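The values are calculated or read from the model by the stated rules, or taken from the named source; none is laboratory data. Here the structure is a predicted model, which means the values were calculated and not measured. Cβ: placed from backbone, ideal geometry, glycine included. Neighbour counts: every protein chain shown. We work out accessible area using only protein heavy atoms, side chains counted, and drop any ligands, DNA or RNA first. Shrake-Rupley method; radii C 1.70, N 1.55, O 1.52, S 1.80 Å.
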Amino acid sequence: NALSRRLWTPALDHLNATVLPDQRPDYFATYNPSTSKVTQLAISGLEDERGVSVHGFDVVPSSTNPSELFIYTVNHRRPRSENAQQVGADSVIEIFKTTVGGTTLKHVTTVESPAIITPNDIAGSSDGKSFYFTNDHGAKTGFVCQSSSMNRTRC
């Protein structure tokens, strides 16, 4: 919801981590232009209680099965114990898979790395493993965060 985004959007330095996932449930959905129907996708296998706080994402058909899709997404999780305004988001890349027309996203893996500082967007590969992403700032919080230039990284 709009209020929750104003409180927790790390890319804009909105770091009020008191917003709980159940108050601000991000989700993935599909849209069928023929029927104008929006279908919210269930997420299975993501064990992190912090859920997803989605920023950028990419949907890529599998190189081995064109009806299988990989979803790569930036997840700006709130930190587990630190003060979010001091340390910033605990951002990671999540990889999910689904099928064309499916209603469930199956969690494949969470990618954590010191290179993932302030991820903004992502471009995934058809192998379900490799991707490019951009860090839009050089620091997670403060003036440096607001004024840094964009960095591109490959994992």
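Details
- Check: region 54-97 dipole with +1 on Lys, Arg Cβ and -1 on Asp, Glu Cβ, in debye: 120 debye
- 5 angstrom amide H check on Ser125, placed H, neighbours 5+ away: Ser130
- Take the Cα of Asn65, step 7 Å toward its Cβ, do the same at Thr99, and the gap between the two points is 0.7 nm.
- In terms of Cα atoms, the Rg and Dmax of region 42-145 work out to 14.4, 46 Å.
- For Ile43, the residues 5 or more places off, or on other chains, whose built amide H falls under 5 Å of its own are Leu105.
- Only lysines eight or more places from Lys37 in sequence, or on another chain, were considered; those with a Cα closer than 26 Å are Lys97, Lys106.
- For region 66-123, Kirkwood radius (reciprocal of mean inverse C-alpha pair distance, Å): 12.8 Å
- Heavy-atom accessible area order for His14, His107, largest first, 1.4 Å probe: His14, His107
- Its Cα gyration tensor gives region 1-100 an equivalent ellipsoid, and the semi-axes of that ellipsoid, as √(5λ) in whole Å with the largest first, are 28, 16, 11.
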